[in-house]
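What follows is a set of notes on a single structure, which appears directly below.
The values are calculated or read from the model by the stated rules, or taken from the named source; none is laboratory data. Just so you know, these numbers come straight off a predicted model, no measurement behind them. Virtual Cβ from ideal backbone geometry, glycine too; neighbours counted across all protein chains shown. Surface areas here come from the heavy atoms of the whole protein model, side chains and all, with no ligands, DNA or RNA. Shrake-Rupley method; radii C 1.70, N 1.55, O 1.52, S 1.80 Å.
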Amino acid sequence: MCGIVGAVARRPVVEILLEGLQRLEYRGYDSAGLAVLAEGDGLVRHRVQGKVRDLRDHLRSHPVAGTTGIAHTRWATHGAPSERNAHPHVSGDRLAVVHNGIIENHEALRDRLEGEGYVFTSETDSETVAHLIDLHFRNARSLADAVRLAV
Ligand code: GLU
């Protein structure tokens with residue numbers, strides 16, 4: 001069980017994401033992170049092991065601004081509580097994913113995706129989702145189609 005927040009707005013969303021995570025903190029306790037589409041910088045991700053207040057502290061020294069973002073507090077099922085296992089998980093520089101739950105066939109997916117050349121940077125089951133969507137995104141007409149195909 002985890003906490004997930006997403007925001008698309010006309011104003012910067014980082015504070016909205018952090019407030020949302022704080023309200024959902026009871027759903028995830030071991031790490032927290034966010035990814036924001038930052039003007040001029042593309043996809044920017046920050047993750048910490050610890051609580052939402054640790055993410056907030058981290059962002060004070062690593063400020064990021066953007067009007068679209070996703071955020072997560074993790075309750076680890078696959079992989080130790082750590083920064084590298086914290087969500088969001090990314091595939092390349094265009095896709096970031098937060099996930100709640102368990103990918104039962106993650107080992108088979110990981111083998112397949114590594115065969116396609118994807119390099120995993122976490123021990124989580126969730127990272128397979130990011131790479132699987134990216135794989136489908138190569139040929140899909142839209143991101144929505146790629147997500148549907150991955151599901
Ligand atoms: N299975 C995922 C992980 O261990 C998601 C856990 C959660 O729902 O927070 O990272």
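Scanning segment 102-122 for any residue that is under 16 Å from Gly28 (Cα atoms) and near the ligand (Cβ under 10 Å from one of its atoms) turns up at least one such residue. For the residues Val36, Val98, Val48, the requirement of being at pLDDT 95 or above, of a type in the set (Val, Ile, Thr) and either near the ligand (Cβ under 10 Å from one of its atoms) or in contact with a Lys or Arg (Cβ under 6 Å, 6 or more places away or on another chain) (or both) singles out Val98.
Filtering Leu24, Leu59, Leu55 for residues that are at pLDDT below 95, more than 20 Å from Ala130 (Cα to Cα), of a type in the set (A, V, I, L, M, F, W, C) and out of contact with any Lys or Arg (no Cβ under 7 Å at 6 or more places or on another chain) leaves a single hit, Leu24.
For segment 73-97, the candidate set comprises residues that are hydrophobic (A, V, I, L, M, F, W, C) and in a loop (DSSP other than H, G, I, E, B); within that set, the residue that is least open to solvent (accessible area, probe 1.4 Å) is Ala86. In segment 90-116, the residues that are within 25 Å of Leu37 (Cβ to Cβ) reach residues that are open to solvent by 40 Å² or more (accessible area, probe 1.4 Å) and among the hydrophobic types (A, V, I, L, M, F, W, C) with C-beta atoms within less than 6 angstrom, at least six apart or across chains, in these pairs: Asp93/Leu43; Ala96/Leu43; Val98/Ile4; Val98/Ile70; Asn100/Ile4. Could you list, in sequence order, all residues of segment 54-72 that are more than 16 Å from the ligand (Cβ to nearest atom) and surrounded by 14 or more Cβ atoms within 10 Å (Cβ to Cβ)? Passing the criteria: Arg56, His58, Leu59, Val64, Ala65, Gly66, Thr67, Thr68, Gly69. Step by step: first the residues of segment 10-53, then only those that are in a strand (DSSP E or B) and basic (Lys, Arg), then the one that is least open to solvent (accessible area, probe 1.4 Å). Which residue is that? Checked segment 10-53; the qualifying residue least open to solvent (accessible area, probe 1.4 Å) is Arg47.
Screening segment 105-139 for residues that are among the β-branched types (Val, Ile, Thr) and part of a loop (DSSP other than H, G, I, E, B) and picking the one that is least open to solvent (accessible area, probe 1.4 Å) gives Thr124. The requirement of being at negative phi, free of Cβ contacts under 8 Å to residues at least 12 places away in the same chain and not hydrophobic (A, V, I, L, M, F, W, C) is satisfied by Asp57.
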